[in-house]
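Below: one structure, written as structure tokens.
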Amino acid sequence: QVQLVESGGGLVQPGGSLRLSCAASESISSIYSMGWYRQAPGKQRELVAEIISGGSGNYADSVKGRFTIARDNAKNTVYLQMNSLKPEDTAVYYCNARRLEGMPPKLNDYWGQGTQLTVSS
């Protein structure tokens, strides 16, 4: 089991910036992908950004150019830097880890408890 703990959410004004952190309970160097998802009230959970081990980030169109995902394997932590925030970014943000497990190998998902981001003036 991979335990994930998010932090860094809060209230921010439109146009502001915030950084979310996700600390994993074990080394993330062997984890296939780390990502951030979000879920707004009444909406389905959606992918915001993900980074595959050894690769670069993939982003939802709605956040491209504003959000940056980064993983620090030495600290077992993944970050989401969010700039130029908009009210429509308001949601609960969840950290995700996807790891190959078992034989035959399959990808298993692990989730954090979520952190609230509210963008409002």
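The values are calculated or read from the model by the stated rules, or taken from the named source; none is laboratory data. Remember, it's a predicted structure, so these values are computed and weren't measured experimentally. Every residue, glycine among them, receives a Cβ derived from its backbone with ideal geometry; neighbour counts consider all protein chains shown. Ligands, DNA and RNA are excluded from the accessible area calculation, which covers all protein heavy atoms including side chains. Shrake-Rupley method; radii C 1.70, N 1.55, O 1.52, S 1.80 Å.
What does the charge add up to near SER120, with Lys and Arg as +1, Asp and Glu as -1, over the other residues with Cβ less than 14 Å from its Cβ?
On the way: positive: LYS86; negative: GLU88, ASP89.
Result for the neighbourhood of SER120: -1.
Please tell me the relative contact order of the chain in percent, rounded to the nearest whole number, where contacts are Cα pairs under 8 Å and at least six residues apart. Don't jump to the answer; show the numbers that get you there.
On the way: 303 pairs, mean separation 43.4, N = 121.
Computed value for the chain: 36 percent relative contact order.
Per the 1.4 Å probe, what fraction of the accessible area of the range 39-121, in percent, lies on carbon and sulfur atoms?
On the way: 2220 of 4590 Å².
Accessible surface attributable to carbon and sulfur in the range 39-121 totals 48 percent.
With all protein chains kept in place, the per residue accessible area of the range 27-121 amounts to 52 square angstrom at a probe of 1.4 angstrom.
Once you reduce the range 96-121 and the range 15-72 to the center of their Cα atoms, the two points are 9 Å from each other. List the lysines whose Cα sits under 29 Å from the Cα of LYS43, skipping any in the same chain fewer than 8 residues away. Within the straight-line limit of under 29 Å, LYS43 reaches these lysines: LYS64, LYS86, LYS106. For the range 55-121, trypsin sites (Lys or Arg not before Pro) are listed when DSSP marks them as loop and at most 14 other Cβ atoms sit within 10 Å of their Cβ; the list is LYS64, LYS75.
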